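The values are calculated or read from the model by the stated rules, or taken from the named source; none is laboratory data. Since the model is a prediction, treat every value here as computed from it, not as a measurement. Ideal geometry is used to build each Cβ from the backbone, glycine not excepted, and the neighbour counts take in all protein chains shown. All accessible areas refer to the heavy atoms of the entire protein, side chains included, with ligands and DNA or RNA removed. Shrake-Rupley method; radii C 1.70, N 1.55, O 1.52, S 1.80 Å.
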Amino acid sequence: MRRDQMTPLERLAAYGAGAPIDRLPCVPIVGNTAARVIGVKVGDFRGNGALIAEAQVAAYRLFGYDTIRIFTDLYTQSEAMGAKVTYPEDETAFLAAPAIDDLGDIDRLRPADPHRDGYLPQHLEAMRRAVEQVGNEVAVTGAVTCPFTNASFLVGADKLARLMMRAPEKVHHLCELSLQTNIAYAGAIIDAGCTPSLTDAMSSMSVISPRQFREFSFPYLKRLIDYIHGRGKSVTLHICGKTAGIWESMVEAGADCLSIDNDADLGEVRLAVGDRVRLMGNVHPSEVMLQGIPDAVRRATLSCLAQAKDSPKGFIVASGCSLPTETPFANIHAMLDTVRAAGWPAKC
Amino acid sequence: MSASEQELFQRLSDAVVEMDEDESVAVANEVVERGIDAYRAIEQGLSAGMERAGQLFDEEEYFIPELLMCSDAMYAGMDVLKPHLRSDDVAEKRKVVIGVVEGDTHDIGKNLVKIMLETSGFAVTDLGRDIPPARFVETAKEIGADIIALSTLMTTTMEGMGAVVRQLSEEGIRDRFKVIVGGGPISQGFADRIGADGYAVNAADAIRLARALVAPAEAAA
């Protein structure tokens, strides 16, 4: 198999400048699979920045993908604002209870301090350590759960959905608090030498309408992206599920790169907004990456390349969402190897 | 049927579609006061409205917030009408046990499927979220369920679905229940692999699946 000729930083810089590269950038979005790389339990990551960094750096070195993302679950910021998170011994953490049960307590909620609250300091430590170890060759990003999604973890998704209709001003208040947490955390991530990586699961059209997205999610997302741009960083925005009706808004919010889910169509997004933003996607994380064989990964990767390799603002071959913990290593290698074999300009 | 009866049913249906809880309760009270059959008011009014809402969801006119508000209006009217059902109205319904598997607390999808199943005439026992496999099996046995419906949004918890099917097989009661699965990371391929009876891509599909799975038995009965 071909070896990489460039480091990820060299590759992305050259790609952005329109200079020759050895292959397209490729990012199978590795989260807790990193625990498997160094043989630790997922639960061991809880509050252990050094271990998260060790695992993520080892996973990067094993697979050779183009971005390291410090991410364990979506709840880190909401937890720092009072949400209860359950940490199974060896599986991904999940939300046990929102920050408040009673809306009467909404005034007690405060933005989180990234240097003090929850496990945010430990995640920042993981970012700093990863940058120390490999920051000269690869970009390290820190996952930020965007305002609307974080707001849903503060009161619960059902309650937030009903509040959108019954008491929209409360939703705005929760999004504003979440935005303040996001901005403080994004600032700390940049201070740590990293780039914030935006995830906004609940802003999906699988949940809310494009109109609701404009009203409740877009204004906060835009302010967050404006802040990050103001600090000189570009922004990748991932929204899960169906997104066709909000691609224009995602671009208007200022995203430089849209990371789309497998529920969205790469060919369509390319036609719709490929002339304005870089695209990233969208091999199915569970059906192909978790449950498929390497040949299925190869075919799915080639299909992504066929749909978007010539996208005017660039294309990053990626999974449609974070990979499941137990994704076979062979499948992650298969994605990278397929992209290496396709070379540049990519042949498929 | 008199025109005014039809009119009331239509208003109930509209109240659900328009997410108007107060209107739903007001019309349901009118139905009761006028001695109109509560069962038909539920079937042709509230449930019909929820089915229309489901269609609007399929057509991407409505999204999850609207559907939840419609269901609130439906249940509000239902609460008024239910005490007025005659005992012979309460036919033996097909029973479903539903829940989100252990390790996951995303339950909006499960809640939607539950609402639509109830609308379609199933009796649903909702175990909630973060449910261990054994509890699905115990409950299904206890209530004599026809269907066990499993939901998850997380790839980390998918395997719990397989554990339910395995436990049913180990206890030698696999053929007593139909097992259906759904949720973000789930696919037909996964359903086949764990030996489930069916996979549904969304709530409307789950209803079609549930109806189809109990249909042959119904025909034989």
Quiz item: So, of the residues in region A:272-291 that are more than 13 Å from every other protein chain (Cβ to nearest Cβ) and more than 18 Å from residue A:198 (Cα to Cα), which turns out to be surrounded by the fewest Cβ atoms within 10 Å (Cβ to Cβ)?
Solution: A:275
Quiz item: Are any residues in region A:73-85 assigned to a helix (DSSP H, G or I) and either in contact with a helix residue (DSSP H, G or I) (Cβ under 7 Å, 6 or more places away or on another chain) or hydrophobic (A, V, I, L, M, F, W, C) (or both), and if so, which ones?
Solution: A:76, A:77, A:78, A:80
Quiz item: Restricting attention to region A:299-334, and to residues there that are of a type in the set (A, V, I, L, M) and touching a Lys or Arg at 6+ places or on another chain (Cβ under 8 Å), which single residue is farthest from residue A:56 (Cα to Cα)?
Solution: A:308
Quiz item: Say we look at region B:55-70 and pick out the residues that are at the interface with chain A (Cβ under 10 Å from one of its Cβ atoms) and not charged (D, E, K, R); which of these is most open to solvent (accessible area, probe 1.4 Å)?
Solution: B:62
Quiz prompt | Given (1) open to solvent by 10 Å² or more (accessible area, probe 1.4 Å); (2) touching a His at 6+ places or on another chain (Cβ under 8 Å), index of the condition residue A:70 fails | solution = (1)
Quiz item: Taking region A:219-252 only, how many residues are assigned to a loop (DSSP other than H, G, I, E, B) and either surrounded by 24 or more Cβ atoms within 10 Å (Cβ to Cβ) or hydrophobic (A, V, I, L, M, F, W, C) (or both)?
Solution: 3
Self-check item: Residue count, region A:1-15 (criterion: farther than 18 Å from residue A:68 by Cα and exposed (fewer than 15 other Cβ atoms within 10 Å of the Cβ))
Solution: 4
Quiz item: Got at least one residue in region A:245-254 being at pLDDT below 95 and in contact with a helix residue (DSSP H, G or I) (Cβ under 9 Å, 6 or more places away or on another chain)?
Solution: no
Practice problem: Scan region B:1-51 for residues that are among the charged types (D, E, K, R), more than 19 Å from residue A:165 (Cα to Cα) and either at pLDDT below 95 or in a loop (DSSP other than H, G, I, E, B) (or both) and report the count. | Solution: 6
Exercise. Filter region B:164-197 for residues that are touching a Leu at 6+ places or on another chain (Cβ under 7 Å) and on the phi > 0 side of the Ramachandran plot and give the result.
Key: B:183
Quiz item: Does residue B:140 count as in contact with a strand residue (DSSP E or B) (Cβ under 6 Å, 6 or more places away or on another chain), open to solvent by less than 10 Å² (accessible area, probe 1.4 Å), more than 14 Å from every other protein chain (Cβ to nearest Cβ) and outside any helix (DSSP H, G or I)?
Solution: no
Quiz item: If you go through region B:152-184 one residue at a time, how many are open to solvent by less than 10 Å² (accessible area, probe 1.4 Å) and within 14 Å of chain A (Cβ to nearest Cβ)?
Solution: 6
Practice problem: Keeping to region A:15-72, report how many residues are in a loop (DSSP other than H, G, I, E, B) and more than 23 Å from residue A:192 (Cα to Cα). | Solution: 13
Practice problem: For residue B:213, work out the one condition from (1) free of Cβ contacts under 8 Å to residues at least 12 places away in the same chain; (2) surrounded by 14 or more Cβ atoms within 10 Å (Cβ to Cβ) it doesn't fulfil. | Solution: (1)
Exercise. Enumerate the pairs (first residue in region A:230-249 and within 19 Å of residue B:59 (Cα to Cα) and within 13 Å of another protein chain (Cβ to nearest Cβ); second residue anywhere and part of a helix (DSSP H, G or I) and charged (D, E, K, R)) with beta-carbon separation below 7 Å, excluding pairs fewer than 6 apart on the same chain, so at least 6 apart or on different chains.
Key: A:244/A:268
Quiz item: So which residues in region A:251-271 are closer than 26 Å to residue B:185 by Cβ, in contact with an Asp or Glu (Cβ under 9 Å, 6 or more places away or on another chain) and away from chain B (no Cβ under 14 Å), if there are any at all?
Solution: A:270
Quiz prompt | Selection within region B:102-137 - within 14 Å of chain A (Cβ to nearest Cβ) and either part of a loop (DSSP other than H, G, I, E, B) or aromatic (Phe, Trp, Tyr) (or both) | solution = B:102, B:103, B:104, B:105, B:106, B:107, B:128, B:129, B:130, B:132
Exercise. Could you figure out which of (1) part of a loop (DSSP other than H, G, I, E, B); (2) of a type in the set (A, V, I, L, M); (3) surrounded by fewer than 19 Cβ atoms within 10 Å (Cβ to Cβ) isn't true of residue A:255?
Key: (3)
Quiz item: Any residue in region A:109-128 that is within 14 Å of another protein chain (Cβ to nearest Cβ) and open to solvent by 10 Å² or more (accessible area, probe 1.4 Å)?
Solution: no
Practice problem: Please work out which residue is nearest to residue A:135 (Cα to Cα), limiting yourself to region A:195-212 and to residues that are within 11 Å of chain B (Cβ to nearest Cβ) and in contact (Cβ under 8 Å) with a residue 40 or more places away in the chain. | Solution: A:201
Quiz item: Within region A:141-157, can one find any residue that is open to solvent by less than 30 Å² (accessible area, probe 1.4 Å), part of a loop (DSSP other than H, G, I, E, B) and touching a Ser or Thr at 6+ places or on another chain (Cβ under 7 Å)?
Solution: yes
